[in-house]
């Protein structure tokens, strides 16, 4: 129980700024009473307790789980000795599957997909967009794992990714650009981020010659860059099909 | 009371749904591919229960308190018509939501302990300063990003130009940043935009663009998250250069 007490105090400090911002602006600048004050206070207490449990649970479950998966998938007993980067194919498959499945299930992505469907007047399909984002996340994390295993510096990939995004932006339908840029940040949720971070750190610490500090981070960056590319690509394809369909009529 | 329990169990079910794909994939790999046992299984189960319970309470509390006030405030400031106050609010909103973002807390802690292992920080008190400074750096940069996002909607700046500018800044910062911060910096972009930040920032963007003539909430309302996930990358690299 003592184990839980310290995080509770820490989390209070973390929740305090947002409480101060909202209450402060409401009362000092707008000079209005807060509606449903009792409910709001209960809400903040629940946020505080929930955040504490979440962070403690994270340290107990999600971080260890990600590291265990990384260790077991790369252990010589599983893949054999002295394999090159190609020998780690189960890591890539795992990275791809975990990226795809978490992105497909992401609630905020669904909300964005519904809005995108409305913006486009229907030519962007909700399910196709979700699959495009999920594929982007999956390919991103798989490629990111390859980078950790092969030891190629991260900025080569990220800067190439930026260049691809800029070229796509030039050709993509205008209405979709802002949405595509946003989809990168939306696809990685509170649950996915710690697990994937742990996977990267686990990979970097088990593979010879990799440093956790230099190679361990970066998977989230891949997971937020590649959906931009896949959504822009999907928008171009969908737009093309849409136009061709109209021409045929 | 009955109503609360019903609503809560509904939210709990939603959290289970969020976590289900993660556990299905891990179970599949454990049972069929790896066929190894998980060490310390009891603790992981306990931790998972904590994550489920914590996430549910957290989201439930957000919907009860933070989101309604945040959205109402965003609309009120847009209506108030004072640009200075709107910008101050935009910065404070970006800063406050990011500091409380669970994913950022988790990753900053992890970055701190890895930096400790790597010998960049020596003492426990330095570790605390490092993680806190990292989070405040990210939060400040998200605050600036939201402020610029608001200005963009008001002035009608092109998002593409802002993003290109951001990319160029990232590339320049990468050249000067120490190697050990680059990965963390690139990650911090995707980490910040999560459970609390996305709904509130989106509310501000959509509210603003629907109240200004000639702006469409659908087209101009988006893009805020993109700016908010680009600025922290540059800020964290500057943090790495200065540390």
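Rule-based calculations on the coordinates, nothing more; no lab input. Source: prediction; values computed, not measured. Neighbour counts run over all protein chains shown; Cβ positions are idealised from the backbone, glycine included.
Please sort A:226-239, B:67-80, A:177-190 by packing, taking for each peptide the average over its residues of neighbouring beta carbons within 10 angstrom, highest first.
Taking the mean over residues of other Cβ atoms within 10 Å, the ranking is A:177-190, A:226-239, B:67-80.
Work out the FRET efficiency for residue B:113 and residue A:127 from their Cβ-Cβ distance, taking R0 = 30 Å, and round it to the nearest 0.05.
The computed FRET efficiency comes out at 0.15.
In nanometres, what is the gap between the two model label sites at residue B:176 and residue A:174, each 7 Å from Cα along Cα-to-Cβ?
Inter-label distance under the simple model: 3.6 nm.
Let a ≥ b ≥ c be the square roots of the eigenvalues of the Cα gyration tensor of the protein assembly as shown; is it rounded (a/c under 1.5), or, if not, prolate (a/b larger than b/c) or oblate?
Judged from the Cα gyration tensor, the protein assembly as shown comes out rounded (a/c under 1.5).
What spacing in nm lies between the two simple spin-label points modelled at residue A:242 and residue A:45, each 7 Å away from Cα in the Cβ direction?
4.9
How much length is gained on full extension from residue B:82 to residue B:124, taking 0.36 nm per residue of separation minus their Cα-Cα distance?
Residue separation times 0.36 nm, minus the Cα-Cα distance, leaves 10.6 nm.
Across the residues of A:61-68, average count of Cβ atoms on other protein chains within 10 Å?
Counting Cβ atoms of other protein chains within 10 Å of each residue's Cβ and averaging gives 6.
Using a 10 Å cut-off around each Cβ, can you sort B:114, B:16 from fewest to most neighbouring Cβ atoms?
B:16, B:114
Please compute the alpha carbon radius of gyration of region B:19-109, then divide it by the globular-protein estimate 2.2 N^0.38 Å. Two decimals is fine.
Cα Rg divided by the expected 2.2 N^0.38 Å: 1.66.
Let me know the mean shielding of B:193-202 by other chains, meaning the per-residue number of their Cβ atoms within 10 Å of its Cβ.
That average works out to 5.
Using only the alpha-carbon atoms of chain A, report the extent along each of the three principal axes, biggest first, to the nearest angstrom.
Largest first, chain A extends 61, 58, 26 Å along its Cα principal axes.
Given the options B:28, B:58, B:50, state which has the largest fluctuation in a GNM of chain B using a 10 Å cut-off (strictly under) for Cα springs.
B:28
Tell me, A:31, A:243 in order of fewest to most beta-carbon neighbours within 10 Å?
Starting with the residue having the fewest Cβ neighbours, the order is A:31, A:243.
So what does the Cα-only Debye profile of region A:1-64 read at q = 0.15, 0.20, 0.28 Å⁻¹, as log10 I(q)/I(0), no solvent term?
Taken in order of the listed q values, log10 I(q)/I(0) reads -0.57, -0.82, -1.17.
For each of B:151, A:201, count neighbouring Cβ atoms within 10 Å of the residue's Cβ, then give the residues from fewest to most.
By the 10 Å Cβ count, ascending, the order reads B:151, A:201.
Run the numbers for residue B:32 and residue B:212: contour at 0.36 nm per residue of separation, minus the present Cα-Cα distance, in nm.
Taking residue B:32 through residue B:212 to full extension adds about 59.2 nm, to one decimal.
Per residue of B:13-22, what is the mean number of Cβ atoms on other protein chains within 10 angstrom of that residue's Cβ?
4
Which FRET efficiency, nearest 0.05, do residue A:118 and residue A:75 yield, Cβ-Cβ r, R0 56 Å?
In this case the efficiency is close to 0.70.
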